Amino acid sequence: MHTSGMNEQAPTLRSVTQVIDAQSLLEGGGFPVRRPFPTASLSSYDPFLLLDHMGPVNWPPGEALGAPDHPHRGFEAVTYLLAGKMQHRDSAGNRGELGPGDVQWMTAGSGIIHSELPDPDFRARGGVLHGFQLWVNLPASHKMMAPRYQDIPAAGIPAARNADGTVKVRVIAGKALGTRAVIDTVIPITYLHFTLQPGACHVQPLAVDEQAFAYVFGGELLAGPTETRVREGQTVFFGAGEAVSLAVDKGEEGPVELLLLAGAPLNEPVVRHGPFVMNTREEIEQALRDYRDGVLA
């Protein structure tokens with residue numbers, strides 16, 4: 001196999017601790033998603049709260065759905081679109097569009113009311129909508145920070161390849177193959193979209209205090225030092241160590257697509273109620289009162 005990202009002194013590779021299947025469900029106005037977590041067996045993966053694989057769904061003309069007005073407080077919602085076109089708007093008057101390859105890193109902080117709907121032209125024509133939404137927890141010290149958006153167009157997301165072209169990565173957060181992300185995160189986060197060709201092997205360094213997992217959405221990954229097979233629609237969780245090994249059998253018919261995510265646990269209490277994520281029940285009750293009283297409007 002081809003290798004990339006190796007140092008002269010080989011890093012300690014993280015072992016595979018678990019492989020789980022994503023659950024299928026409907027979200028928002030009825031949008032089909034596959035969700036690795038939260039589920040009955042895995043409520044969160046500190047500092048990550050949720051990962052939704054949206055679609056891919058081929059909408060007939062006039063039928064595309066999204067998520068109408070809904071509030072957020074206490075976390076960050078990261079939308080990464082692979083296909084289709086979405087519009088977002090919020091109660092503070094912000095609005096924008098997301099197209100293929102674009103990223104929106106929304107820090108809800110103290111709270112906003114937000115909608116994510118198909119672009120009107122896309123809804124009228126129909127077509128494939130495909131992407132991801134990730135929720136990242138905010139530490140207690142930042143849960144009530146001022147809301148902010150970072151909208152990064154596809155051309156602005158740094159990308160890199162290894163020497164022989166078998167490994168390609170889009171660096172949404174963190175760094176890989178000598179390339180660093182442009183997005184400013186509240187806490188250190190790694191968010192990488194890898195495309196691995198048959199026969200490829202990549203060793204990705206990670207900070208030892210980070211928890212790490214990979215979600216495969218195309219092909220079959222060989223994960224960790226034992227090359228555990230992880231199929232499309234499955235998530236692999238890694239143990240402690242300095243790096244993760246991502247490989248593809250040279251006999252695989254096509255490339256493997258995956259998201260690699262890592263972050264240092266906050267180790268703080270998490271109290272959730274729908275779109276509110278705080279540290280205490282009292283803070284949740286205050287968020288509900290603020291929403292009812294129009295403070296988030």
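The values are calculated or read from the model by the stated rules, or taken from the named source; none is laboratory data. Nothing here was measured: the structure is a model prediction, and the numbers come from that model. As a convention, Cβ positions derive from the backbone with ideal geometry for all residues, glycine included, and neighbour counts pool all protein chains shown.
Miscellaneous remarks
- Test: residue 160 is surrounded by fewer than 19 Cβ atoms within 10 Å (Cβ to Cβ), out of contact with any Pro (no Cβ under 7 Å at 6 or more places or on another chain) and at pLDDT 95 or above: yes
- Residue within the stretch 118-129 that is in contact with a Ser or Thr (Cβ under 7 Å, 6 or more places away or on another chain) and either part of a strand (DSSP E or B) or small (Gly, Ala, Ser) (or both) present: no
Results for (1) buried (at least 19 other Cβ atoms within 10 Å of the Cβ); (2) in contact with a Lys or Arg (Cβ under 7 Å, 6 or more places away or on another chain), shown as yes or no for each residue.
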position	(1), (2)
92	no, no
100	no, no
103	yes, no
108	yes, yes
137	yes, no
153	no, no
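- Within the span defined as the stretch 262-284, every residue fails to be buried (at least 18 other Cβ atoms within 10 Å of the Cβ), more than 19 Å from residue 72 (Cα to Cα), of a type outside the set (Val, Ile, Thr) and in contact with a Cys (Cβ under 7 Å, 6 or more places away or on another chain).
- Pairs are defined by a Cβ separation below 9 Å, a sequence spacing of at least 6 or placement on different chains, a first member in the stretch 149-171 that is under 30 Å from residue 111 (Cα atoms) and assigned to a strand (DSSP E or B), and a second member that is of a type in the set (D, E, K, R) and at pLDDT 95 or above; the pairs so defined are 151/102; 152/102; 171/180.
- Within the stretch 197-216, the set of residues being within 18 Å of the chain's Cα centre (by Cα) and without any contact (Cβ under 8 Å) to a residue 60 or more places away in the chain comprises 210, 214, 216.
- Contacts under 9 angstrom Cβ, first residue in the stretch 68-90 being part of a strand (DSSP E or B), partner buried (at least 22 other Cβ atoms within 10 Å of the Cβ) and hydroxyl-bearing (Ser, Thr, Tyr), 6 or more apart: 75/107; 76/107; 77/107; 78/191; 80/191
- Residue count for the stretch 162-186, restricted to those that are polar (S, T, N, Q) and over 28 Å from residue 142 (Cβ atoms): 2
- Filtered by the rule that a residue be in a strand (DSSP E or B), under 28 Å from residue 296 (Cα atoms) and modelled with pLDDT of 90 or more, the stretch 28-67 gives 33, 35, 37, 45, 48, 49, 50, 51, 52, 53, 54.
- Residue satisfying condition, being more than 17 Å from the chain's Cα centre (by Cα) and buried (at least 22 other Cβ atoms within 10 Å of the Cβ), within set 70, 88, 114: 114
- Hits in the stretch 91-101 - residues which are of a type outside the set (Gly, Ala, Ser), closer than 17 Å to residue 115 by Cβ and touching a residue at least 24 places away in the same chain (Cβ under 8 Å): 94, 98
- Among (1) in contact with a Pro (Cβ under 8 Å, 6 or more places away or on another chain); (2) closer than 30 Å to residue 113 by Cβ; (3) of a type outside the set (D, E, K, R); (4) without any contact (Cβ under 8 Å) to a residue 60 or more places away in the chain, the one test that residue 219 misses: (2)
- Pick from the stretch 41-66, criterion buried (at least 19 other Cβ atoms within 10 Å of the Cβ) and among the aliphatic types (A, V, I, L, M), ranking: nearest to residue 260 (Cα to Cα): 51
- In the stretch 239-294, the residues that are part of a helix (DSSP H, G or I) and of a type in the set (D, E, K, R): 281, 282, 283, 285, 289, 290, 292
- The residue that is surrounded by the fewest Cβ atoms within 10 Å (Cβ to Cβ), among those in the stretch 285-297 that are of a type in the set (Gly, Ala, Ser) and in contact (Cβ under 8 Å) with a residue 60 or more places away in the chain, is 297.
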